[in-house]
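Encoded as structure tokens, the structure appears first; notes follow it.
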Amino acid sequence: MTLAVFFGCTFIAFGPALGLFVFTIARDPLRIIILIAGAFFWLVSLLLSSLIWFIAVKASDPRDEPLQKGLLIFGVMFSVLLQEAFRFLYYKLLRKAIEGLVALSEDGCSPISIQQMAYVAGVGFGLMSGAFSMINLLADTLGPGTVGIHGDSQLYFLTSAFMTMVLIFLHTFWGILFFHGCEHRRWWEITAVVVMHLAVSGSTFCNPLYVGSLVPSYLLMATAAAWAYLLSGGSAQNLWRFLLCLRSGPSPQPGS
Amino acid sequence: MILLDGNLFNRRVMLQLKGTSRVSGLAVAIAKPSPPQGFSPGLKCPNDGFGVYSKDYGPQFAHCNNTVWNPLGSGLSYEDFDFPIFLLEDANETQVIKQCYQDHNVPRDGSGPEYPLCAMQLFSHMHAVTSTVTCMRRSSLQSTFSINPEVVCDPLLDYNVWSTLQPINSSGKVDAEKEVIIVATRIDSHSFFWNIAPGAESAVSSFVTHLAAAEALHKASDVHLLQRNIMFTFFQGETFDYIGSSRMVYDMEKDKFPLRLDNIHSFVEMNQVALRNASVLWMHTDPVSRLNKSVEVQVRILLDILSNSSVGANVTLQEAGYSQPLPPSSFQRFLRARHIPGVVLTDHRTAFQNRYYQSMYDTPENIQMQYPEGLSPEETLEYVTDTAKSLAEVATVVARALYRLAGGANNTSAIQADPKTVSRMLYGFLIKMNNSWFQSIIKPDIKGILGDVPQHYVAVSSPVNTTYLVQYVLANLTGTVVNLTKEECLNPEKTPSSEKELYEYAWVQGSLEPNSTARVPYCVRSTVRLSKALSPAFELRQWGSTEYSTWTESRWKEIRARIFLVASKELEIITLVVGIAILIFSLLTTYFINAKADVLFSIPRDPGAVAY
């Protein structure tokens, strides 16, 4: 649609992620490594799931519409399960890494905790997932036209950008929840993450009825955010104090 | 952007569109059926200024003062339009564009239409500008000085096809005493749109008749005893100010051609012979050269022989008379160099019978080629139409006249053109090039040329499909099959008796064996040759020449079109503003959360972990 839409959609989709990266991840090289590795793990999971879907599609009759739709749903669900499986694998890898980091450190403590790793891994997953969702669309927004000549909604670019933003956030929070669940052997947390992921992916089949996919996703994101906040050591009290501090115009003390 | 119906595609509308600055592109939907009032984007006086009539020679005939040959000519092809103009031949494409317009661009309730609006983009950027002089100068500067030259235009270039009845030595020179009669037709046409030139009446009718006459003549028994030789010449590029014929005359003058102008005894040309009114064929001569007594005598003999040859055939030959000049024809270029006695045969006396001269509507329907329904391609190839029969009669008359002219004394009733051959040629050159007969007579390595819709534009990469096909059809119709193997055929200089100087050998595919996909190739020996048809102006580097044709075609990189929807500017700006707002908000929020992390997150219970 032109440069305005290109920049607009890029900022909507990746603005929050950029903020997270610049202020919390960019300073620490270890976190950057974990971010990139996390992104790579997500990429491998997508590669495998797309391979399965591709084989299934080629082996089936391309003219059979309900079958193709069914295969797509199956492909999406399979991909979600595979992504979560790779998140588990990444957790296992990071656990091993912590042992190595402890061995290498001078004071017997790992320079980074598993909770921080969970957060960064989640951002890594989210960024790669967002990139894959959005980059093709962004390339198309540079052209002179917009979506709609075949009757589709004009708001396609905008809604895709918002969906990508919410997905990046969701992956971040799921990372925290999932690793916490693995760490403390709470299987119901892991199950909850998988169910939430399936729900969000399934809701996208409501598109182009965008209210059916965006609204549930944002609600789930709020839920996941609150849960992850509580698990990370936050509480309602802390939140209240933070907001009060902010309102009375603080000079921000240097944080981490 | 305008989608124009074919019936509105005329000079008045086009000049109006050219005048405004609001038009950025035009798509023309071809009119089916062809406009009944006729349509010709060519000039009223085709090839004016490059023929023989000028202020020094027959000024009363110059610039169509006497006869306007193409009264329906609007000259659209010669106007400069600075926006792309595309032709939509497929009615489905036109329907898609109309549907998009109906859905989005129709004004509702008196106010303008609302966004999103349907938009169209036409890409056809041409690299050359202004004129041939400018673009050739730029191209030659590039070629001389640049390591990676960016050539911007190419001259129109192809090959003339010529063949002689009695073989001549192509690398030597023919003696001055040997007389040759030249028979000529053009094989190219043009239309407003690039690479669309069906040219049924303007080109195909004449060269198909010519090919049939050549076949008929070769069947005569005493061909090698004739006193004069006959040269069948097919000129390419005649639509663009006589490229092929001017080059041949130039080569003859400069001794680069086996024949010289002295060798030419007389000239017979056929131009647009398919739309005969009441079976009359008109004979046009040049009144100015006939003022010379010796030329007049020769022309008189020529006209009488032609009239006598039409006895018994369904063709009535009539003279156009002294008051008429020659119509636009290749003969005019030969007359510029030497006063040769000659005649041009056409189906019109004054104005063209062809109401679609040099336009996209000059299709088989224009020459009344009709096939019954439900025939398979093979049956259609073999079906003999009335048009084919009529052209075969003209070919018979011409062949008999040529036989007499060349000094043949026998009875000419055996010389007959075959309507079946004419019909197959018409089918192949106008309807479907990829038929079994054409496939069997071409070389194996060029069978790719048979894919496209037949059209006869001269183009810049040579030889074009039409030239190849005319060459091979002529070889098939006038040549002989010789018993040589493939190696011998492809390398005739190794065989002692091949007489390579006199003949050309071609190894052709042959027809399919019955019930199999293999072909039976064979060797054809003929006198068919190609001679370069590039305007002498480019040889002499006189790019502004008014003596020779200086037509060039611009180079281009991509030609495509697309339609899509365009959103309103407001929506785009809103998206950008929302994006920037979200970016700034998230940066600020993250900064503050990070700064106050110790407030937000209490120190976790397990002692090993480090706080945020």
Residue among B:Tyr53, B:Tyr57 that is surrounded by 20 or more Cβ atoms within 10 Å (Cβ to Cβ) and more than 21 Å from the chain's Cα centre (by Cα): B:Tyr53
B:Asn47 outside any strand (DSSP E or B) and over 21 Å from B:Ser545 (Cα atoms): no
The range B:364-420: number of residues that are assigned to a helix (DSSP H, G or I), closer than 27 Å to B:Ile301 by Cα and at pLDDT below 90: 3
Residue in the range B:122-135 that is under 25 Å from B:Asp5 (Cα atoms), surrounded by 15 or more Cβ atoms within 10 Å (Cβ to Cβ), within 14 Å of another protein chain (Cβ to nearest Cβ) and more than 27 Å from the chain's Cα centre (by Cα) present: no
Matching residues, the range A:80-96, being more than 14 Å from chain B (Cβ to nearest Cβ) and without any contact (Cβ under 8 Å) to a residue 60 or more places away in the chain: A:Leu82, A:Ala85, A:Phe86, A:Leu89, A:Tyr90, A:Lys92, A:Leu93, A:Lys96
Test set (1) within 19 Å of B:Tyr57 (Cα to Cα); (2) in contact (Cβ under 8 Å) with a residue 40 or more places away in the chain - B:Gly321 fails condition number: (2)
Qualifying positions in the range A:161-196 - more than 28 Å from B:Leu583 (Cα to Cα) and either in contact with a Ser or Thr (Cβ under 8 Å, 6 or more places away or on another chain) or within 14 Å of chain B (Cβ to nearest Cβ) (or both): A:Phe179, A:His180, A:Glu183, A:His184
Matching residues, the range A:66-109, being within 18 Å of the chain's Cα centre (by Cα) and either small (Gly, Ala, Ser) or outside any helix (DSSP H, G or I) (or both): A:Ser79, A:Ala85
Positions within the range A:25-54 being farther than 21 Å from A:Glu84 by Cβ, within 18 Å of the chain's Cα centre (by Cα) and in contact (Cβ under 8 Å) with a residue 60 or more places away in the chain, in sequence order: A:Ile25, A:Arg31
A:Ser153 polar (S, T, N, Q), in a loop (DSSP other than H, G, I, E, B) and either surrounded by fewer than 23 Cβ atoms within 10 Å (Cβ to Cβ) or out of contact with any strand residue (DSSP E or B) (no Cβ under 7 Å at 6 or more places or on another chain) (or both): yes
Some residue of the range A:197-209 being closer than 27 Å to B:Leu117 by Cα, out of contact with any Gly (no Cβ under 9 Å at 6 or more places or on another chain), within 14 Å of another protein chain (Cβ to nearest Cβ) and not in a helix (DSSP H, G or I): no
Residue that is nearest to the chain's Cα centre (by Cα) [pool: residues in the range B:136-169 that are aromatic (Phe, Trp, Tyr) and surrounded by 15 or more Cβ atoms within 10 Å (Cβ to Cβ)]: B:Tyr159
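Would it be correct to say that A:Thr172 is in contact (Cβ under 8 Å) with a residue 60 or more places away in the chain and in contact with a strand residue (DSSP E or B) (Cβ under 9 Å, 6 or more places away or on another chain)? It would help to see each step written out before you state the result.
Numbers: in contact (Cβ under 8 Å) with a residue 60 or more places away in the chain: yes; in contact with a strand residue (DSSP E or B) (Cβ under 9 Å, 6 or more places away or on another chain): no.
So A:Thr172 fails the test.
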Check on A:Leu158, in a helix (DSSP H, G or I) and over 18 Å from A:Phe7 (Cα atoms): no
Set B:Ser462, B:Ser516: member being over 28 Å from B:Ala399 (Cα atoms), touching a residue at least 60 places away in the same chain (Cβ under 8 Å) and polar (S, T, N, Q): B:Ser462
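Where residues in the range B:465-507 are among the aromatic types (Phe, Trp, Tyr) and not assigned by the TED database to the domain that holds B:Gln439, which of them is farthest from B:Trp437 (Cα to Cα)? It would help to see each step written out before you state the result.
Residues of the range B:465-507 that are among the aromatic types (Phe, Trp, Tyr), as a first pass: B:468, B:472, B:503, B:505, B:507.
With the extra rule that they be not assigned by the TED database to the domain that holds B:Gln439, the set shrinks to B:503, B:505, B:507.
Numbers: B:Tyr503: 23, B:Tyr505: 19, B:Trp507: 15 Å.
Filtering the range B:465-507 for residues that are among the aromatic types (Phe, Trp, Tyr) and not assigned by the TED database to the domain that holds B:Gln439, the one farthest from B:Trp437 (Cα to Cα) comes out as B:Tyr503.
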Given (1) part of a helix (DSSP H, G or I); (2) within 12 Å of chain B (Cβ to nearest Cβ), index of the condition A:Phe41 fails: (2)
Flag for A:Arg63 being basic (Lys, Arg) and surrounded by 15 or more Cβ atoms within 10 Å (Cβ to Cβ): no
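Residue check: is B:Arg336 part of a loop (DSSP other than H, G, I, E, B) and crowded, with 17+ Cβ neighbours inside 10 Å?
Taking the combined requirement at face value, the residue does not satisfy it.
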Of the criteria (1) of a type outside the set (Gly, Ala, Ser); (2) surrounded by 15 or more Cβ atoms within 10 Å (Cβ to Cβ); (3) free of Cβ contacts under 8 Å to residues at least 40 places away in the same chain, which one B:Tyr457 fails: (3)
Any pair with Cβ under 6 angstrom, 6 or more apart, that starts in the range B:492-507 at a residue that is within 14 Å of B:Cys523 (Cα to Cα) and ends at one that is assigned to a helix (DSSP H, G or I) and hydroxyl-bearing (Ser, Thr, Tyr): B:Pro492/B:Ser498
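For the range B:543-573, enumerate the residues that are of a type outside the set (Asp, Glu), without any contact (Cβ under 8 Å) to a residue 12 or more places away in the chain and either surrounded by fewer than 15 Cβ atoms within 10 Å (Cβ to Cβ) or within 8 Å of chain A (Cβ to nearest Cβ) (or both). Explain how you work it out, then say what you get.
At the first step, the residues of the range B:543-573 found to be of a type outside the set (Asp, Glu) are B:543-546, B:548-552, B:554-557, B:559-569, B:571, B:573.
Right, trim to without any contact (Cβ under 8 Å) to a residue 12 or more places away in the chain and you get B:545, B:569, B:573.
Within the range B:543-573, B:Lys569, B:Ile573 meet the criteria.
Quick check on this structure: which one of B:Arg300, B:Arg276, B:Arg290 is surrounded by 15 or more Cβ atoms within 10 Å (Cβ to Cβ), over 26 Å from the mean Cα position of the chain (by Cα) and of a type outside the set (A, V, I, L, M)? Can you show your working first?
Values: B:Arg300 fails: surrounded by 15 or more Cβ atoms within 10 Å (Cβ to Cβ); B:Arg276 fails: over 26 Å from the mean Cα position of the chain (by Cα).
From the options B:Arg300, B:Arg276, B:Arg290, the qualifying one is B:Arg290.
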Failed item, numbered, when A:Phe7 is tested on (1) part of a loop (DSSP other than H, G, I, E, B); (2) within 14 Å of another protein chain (Cβ to nearest Cβ): (1)
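Taking the stated definitions as given, is B:Phe585 surrounded by 13 or more Cβ atoms within 10 Å (Cβ to Cβ), over 50 Å from the mean Cα position of the chain (by Cα), over 30 Å from B:Thr480 (Cβ atoms) and of a type in the set (A, V, I, L, M, F, W, C)?
Details: surrounded by 13 or more Cβ atoms within 10 Å (Cβ to Cβ): yes; over 50 Å from the mean Cα position of the chain (by Cα): yes; over 30 Å from B:Thr480 (Cβ atoms): yes; of a type in the set (A, V, I, L, M, F, W, C): yes.
Spelling it out, B:Phe585 is indeed surrounded by 13 or more Cβ atoms within 10 Å (Cβ to Cβ), over 50 Å from the mean Cα position of the chain (by Cα), over 30 Å from B:Thr480 (Cβ atoms) and of a type in the set (A, V, I, L, M, F, W, C).
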Tabulated pairs, the range A:123-141, first more than 20 Å from A:Met221 (Cβ to Cβ), second not in a helix (DSSP H, G or I), C-beta under 8 angstrom, 6+ apart or interchain: A:Thr141/A:Met1; A:Thr141/A:Thr2
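Can you say whether B:Ser526 is in contact with an Asp or Glu (Cβ under 9 Å, 6 or more places away or on another chain) and not hydrophobic (A, V, I, L, M, F, W, C), as far as the supplied structure shows?
On the way: in contact with an Asp or Glu (Cβ under 9 Å, 6 or more places away or on another chain): yes; not hydrophobic (A, V, I, L, M, F, W, C): yes.
Here the answer is yes, as B:Ser526 does meet what is asked.
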Wholly within the range B:504-612, helices (runs of 4 or more DSSP H) carrying at least 3 residues that are closer than 30 Å to A:Gly151 by Cα and out of contact with any Cys (no Cβ under 9 Å at 6 or more places or on another chain): B:569-595
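The values are calculated or read from the model by the stated rules, or taken from the named source; none is laboratory data. Predicted, not measured: the structure shown is a model, and the values here were computed from it. No Cβ is skipped: glycine too gets one built from the backbone with ideal geometry, and neighbour counts run over all protein chains shown.
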